[in-house]
Structures are given as C-alpha cells and as structure tokens.
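Accompanying notes for the structure given below.
Where a number appears in this text, it was derived from the coordinates with a stated rule and is not lab data. Worth saying up front: this structure is predicted, and the values here are computed from it rather than measured. Because the Cβ atoms are built from the backbone with ideal geometry, glycine has one as well, and the counts that use them run over all protein chains shown.
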C-alpha cells in the first residue's frame, strides 16, 4: 500500500492564486507557490507536474466558479431576458460581420 497523499491540491491552487493576485502573474513560479503553500518545490510538482498544468488548473477553477455564479443568477431571474449572461462552458454565439460592401466608406 502506498503512502497517503499529504499535499492538498486546493491549497496549492490557493497559494498560486495568492502569488498572482499579490505579486503579479510574472512572479508565478513553482518556487513562489511552494513558499506560499508551505511545501517543497517537489510537493508542488507532485500535485501539478508543470507550471502549465498548474495554470490550467487555476483557470479551470476560475471558470467553474464563474459558471456557478452565472447559473445562480439565471436561476433567480424571473424572466430570462438576461441571457447575455451565460456560463463560460457554453459556446459563445457566432460573431458575424456585415459584408464589406455594407460598410460605410
């Protein structure tokens, strides 16, 4: 039987978000996240194998939180005239441009 995981992925994401919000995205490094989370650099890499994977997880969490808020808002709206607010997981409506000859000179 393997060792029980002691690195909490949520704590790592919290630490990464803290680094970005307080120091800026340019300062998001595995070392900075490890220091903020109080774990080793290897601990961060055990939870998220690369910085790109860590960033993807951060974005997924932000999108999921936005989707939850959008769904709550839409559920409370009596009429759904506010459909311009949509969960980010839904595809965006296609953007159309007028024909070039329809543009003013």
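Quick one: order 76, 41 by neighbouring beta-carbon count within 10 Å, fewest to most. Show your work: numbers first, answer last.
Details: 76 8, 41 14.
Exposure proxy ranking, most exposed first: 76, 41.
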### Ratio of Rg to Rh over region 1-79 (Cα coordinates, Kirkwood Rh, two decimals)
1.13
### Task
Starting from the Cα-Cα distance between residue 8 and residue 67, subtract it from 0.36 nm times their residue separation and give me the gain in nm to one decimal.
18.9 nm
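Want the number for residue 41 to residue 27: 0.36 nm per residue separation, take away the alpha-carbon distance, what's left? Show your work: numbers first, answer last.
Values: separation 14, 0.36 × 14 = 5.04 nm, distance 1.51 nm.
In short, 3.5 nm is gained.
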